[in-house]
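Notes follow the structure.
Bear in mind these aren't lab numbers, they're just calculated from the coordinates by the rules spelled out. All values reported here derive from a predicted model rather than from experimental measurement. Neighbour counts are summed over all protein chains in view; Cβ atoms, including those assigned to glycine, are modelled from backbone coordinates with ideal geometry.
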Amino acid sequence: MQPAGLTLHGIAASRALRPLWAATELGLAFTHVPTPYLGGATRTPEHLALNPNGHIPVLVDARPEGEVVVWESMACALYLARVHGVADGVGIAPASPREEAEALRWSFWAVNECEADALTVLAHRVAMPEPRRKPALADAAERRLAVPLRVIEAHLQRQQAAGQEHLAAQRFTVADLCVASVLLWARASGPLMADHPLTHAWLKACLARPAYRAVKTRY
């Protein structure tokens, strides 16, 4: 049964991609409030009452026992999988303590080890107007990213040797969603992708999923 009363504030061209993608993968009904991160929309009294940090995304879950408000994009995605997913070994929700641990550790790993440098690569390779790009910053970020990418490359190699194609299981789970939502920014570096072929192939498979494509189109 689909939950009623889910509201997601944010846009796909931001970290709000993560809970939007998770909700879509789960087939959840939700109200979308298209709140951009520019132009002051996150600094209104109404938004600050939901997230005093003044950021997106914000997830509001109107539950029978009372309203639950979640912010921080990874927390939103993990919450949706944990609370609204079904631990059936089919969907994205973790179906065992091991899968739960993999989802938690890889999500925090992506934020702590990869996100800042991946965003720098995106910004200074493709996103910013060319006159404002600083290739030296992108070069340095790519050198730093090579270290954690070796970690995930080795993990994927072990997973494949065990007959599993994804980070936590044979199937796509919220662990893959959270990490792919960070590493997609690093696609702007051809050399990084070429040097980590298992990671690149895994990332392409994640981003080919219908739910991801639907979110990028709709939100």
Matching residues, segment 24-65, being hydroxyl-bearing (Ser, Thr, Tyr) and not in a helix (DSSP H, G or I): Thr31, Thr35, Tyr37, Thr44
Segment 16-45 residues that are over 21 Å from Phe172 (Cβ atoms), paired with ones that are among the charged types (D, E, K, R) and in a helix (DSSP H, G or I) (beta carbon under 9 Å, 6 or more apart): His32/Arg218
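Those residues that are among the hydrophobic types (A, V, I, L, M, F, W, C) and under 15 Å from Ala180 (Cα atoms), I need them from segment 122-163; list them, please. It would help to see each step written out before you state the result.
Of all residues in segment 122-163, those among the hydrophobic types (A, V, I, L, M, F, W, C) come to 122-123, 126-128, 136-138, 140-141, 145-147, 149, 151-152, 154, 156, 161-162.
Matches in segment 122-163: Leu122, Leu145, Leu149, Val151, Ile152, Leu156.
So which residues in segment 188-206 are buried (at least 18 other Cβ atoms within 10 Å of the Cβ) and either in contact (Cβ under 8 Å) with a residue 24 or more places away in the chain or more than 17 Å from the chain's Cα centre (by Cα) (or both)? Give the steps one after another, and end with the answer.
Going residue by residue through segment 188-206, those that are buried (at least 18 other Cβ atoms within 10 Å of the Cβ) are 188-189, 192-193, 196, 199-200, 202-203, 206.
Listed by number, the residues that qualify are Ala188, Ser189, Leu192, Met193, His196, Thr199, Trp202, Cys206.
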Failed criterion for Gln164 (all others in (1) surrounded by 13 or more Cβ atoms within 10 Å (Cβ to Cβ); (2) out of contact with any helix residue (DSSP H, G or I) (no Cβ under 8 Å at 6 or more places or on another chain); (3) in a helix (DSSP H, G or I) hold): (3)
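So that you can scan it fast, the table gives a plain yes or no per residue for (1) outside any loop (DSSP other than H, G, I, E, B); (2) more than 21 Å from the chain's Cα centre (by Cα):
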residue: Ala93; (1), (2): no, no
residue: Glu102; (1), (2): yes, no
residue: Ala110; (1), (2): yes, no
residue: Leu119; (1), (2): yes, no
residue: Ala123; (1), (2): yes, no
residue: Val126; (1), (2): yes, no
residue: Leu137; (1), (2): yes, yes
